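Following: one structure in structure tokens, then a few remarks.
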Amino acid sequence: MPELPEVETVRRGLARFAVGRRVTQVEVGRLRTVRRTSAQAIIDGLTGATIVAANRRGKYLLLPLDTGDEVMIHLRMTGKLLVSAGGLPRPLHTHVVMHLDDGNEMLFVDPRTFGEVVVFDPTNVAVELPELARLGIDPVADGLTLPQLRHLVRSRNRGLKQLLLDQHLIAGIGNIYADEILHKARLRPERLSSSLAPRSEAMLHRAIHDVLVAAIVSGGSTLRDNQYVDLFGDGGSYQEDHRVYGRAGERCITCGRGWVRRIIVGQRSTHFCPICQR
DNA sequence: AACTGTCCCTGCAAGC
DNA sequence: TGCTTGCAGGGACAGT
């Protein structure tokens, strides 16, 4: 499940292997992947354009072009970007292919087709990609300060997990990292944000930063379903450091006393240790 | 502001 | 063995 650390890992790969490349040809397979605009808009917007940077905001990959337009790629659940030599057989569910001027191909592969590819005009982002315009603070790209977090937490009265997952507030945290962050901060997922002592706010702030940075260093999390891989098809290793996610029923590694529980919060599976998280 | 429910889609696993 | 059902989940959106 690509969240901030996985998307950041892909971004770093793109910075090395896509930036500076000109797109010589574009193929669009499934129209659902380009549903926001059209196949023709993707082909016209990309063909002949050079990728000049690789950016990220939350879970959105943003590739500015020398034409002034920008490519937005969202992997959602099962989207992958892969770079490989041209002319090779393509994986099942390859929906968009960008031929690059170095002979490589960049493939957008996505079995569940929740992901999307858009070419948009960044000066008109509020109209063309309203969700992107409304995105909250990215803890890694923008930096989330303790006073900013304090304000977010104190000005709402929601469960902490819901707050962490709200992309309009903090951008990039998904289900896995929300659980890992709250475990590290020793706070329960359903705990109301406005109820935190200053010390807990500081722990949450630190945990957001530490968990995301550690996960980026490990190249993200690749679960058993192997859904997330980097540009070259390699998985990350942060799943080995998960303390609660996917460990329901196991003894808590942190305290050695509690048993990790799995509950449903806001329709999402949620994992925590009832002994160390309060 | 905040809650709930719904939808989108496929692959895999569990249950019969 | 072969079917059906349920689940996974990011995020927009509608309704309350």
Pick from the range A:190-206, criterion buried (at least 20 other Cβ atoms within 10 Å of the Cβ) and closer than 16 Å to A:ILE137 by Cα, ranking: farthest from DNA strand B (Cβ to nearest atom): A:HIS205
Residues satisfying the stated conditions in the range A:74-88, i.e. among the basic types (Lys, Arg) and near DNA strand C (Cβ under 10 Å from one of its atoms): A:ARG76
Residue among A:ALA207, A:ALA214 that is modelled with pLDDT of 90 or more and closer than 25 Å to A:GLY233 by Cα: A:ALA214
Filtered residues of the range A:86-132 (kept if of a type in the set (D, E, K, R) and outside any loop (DSSP other than H, G, I, E, B)): A:GLU105, A:GLU116, A:GLU128, A:GLU131
Filtered residue count, the range A:13-25, keeping only those that are in contact with a Gly (Cβ under 9 Å, 6 or more places away or on another chain) and either acidic (Asp, Glu) or surrounded by fewer than 21 Cβ atoms within 10 Å (Cβ to Cβ) (or both): 2
Which numbered condition A:GLU131 fails, given (1) acidic (Asp, Glu); (2) within 16 Å of DNA strand B (Cβ to nearest atom); (3) surrounded by 20 or more Cβ atoms within 10 Å (Cβ to Cβ): (3)
Per-region count, the range A:244-275, residues more than 16 Å from DNA strand B (Cβ to nearest atom) and crowded, with 20+ Cβ neighbours inside 10 Å: 7
Residues that are in a helix (DSSP H, G or I), closer than 30 Å to A:ASP179 by Cα and among the hydrophobic types (A, V, I, L, M, F, W, C), drawn from the range A:1-41: A:LEU4, A:VAL7, A:VAL10, A:LEU14, A:ALA15
Unique residue being touching a residue at least 60 places away in the same chain (Cβ under 8 Å) and of a type outside the set (D, E, K, R) when the list is A:VAL260, A:VAL217, A:VAL244: A:VAL244
Boolean, A:GLY266 is small (Gly, Ala, Ser) and more than 27 Å from A:PRO147 (Cβ to Cβ): no
Restricting the range A:88-124 to residues that are of a type in the set (A, V, I, L, M) and surrounded by fewer than 17 Cβ atoms within 10 Å (Cβ to Cβ), the residue that is nearest to A:LEU31 (Cα to Cα): A:LEU92
Residues of the range A:133-180 satisfying the condition of being within 16 Å of A:THR270 (Cα to Cα) and assigned to a loop (DSSP other than H, G, I, E, B): A:ARG158, A:ASP166, A:ILE173, A:GLY174
Yes/no for A:LEU82 being at pLDDT below 95, of a type outside the set (Asp, Glu) and in contact with a Pro (Cβ under 6 Å, 6 or more places away or on another chain): no
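The values are calculated or read from the model by the stated rules, or taken from the named source; none is laboratory data. If you're wondering where the values come from, they're calculated on a predicted model, not measured in any experiment. Quick reminder, even Gly has a Cβ in these numbers, built from the backbone with ideal geometry, and neighbours come from all protein chains shown.
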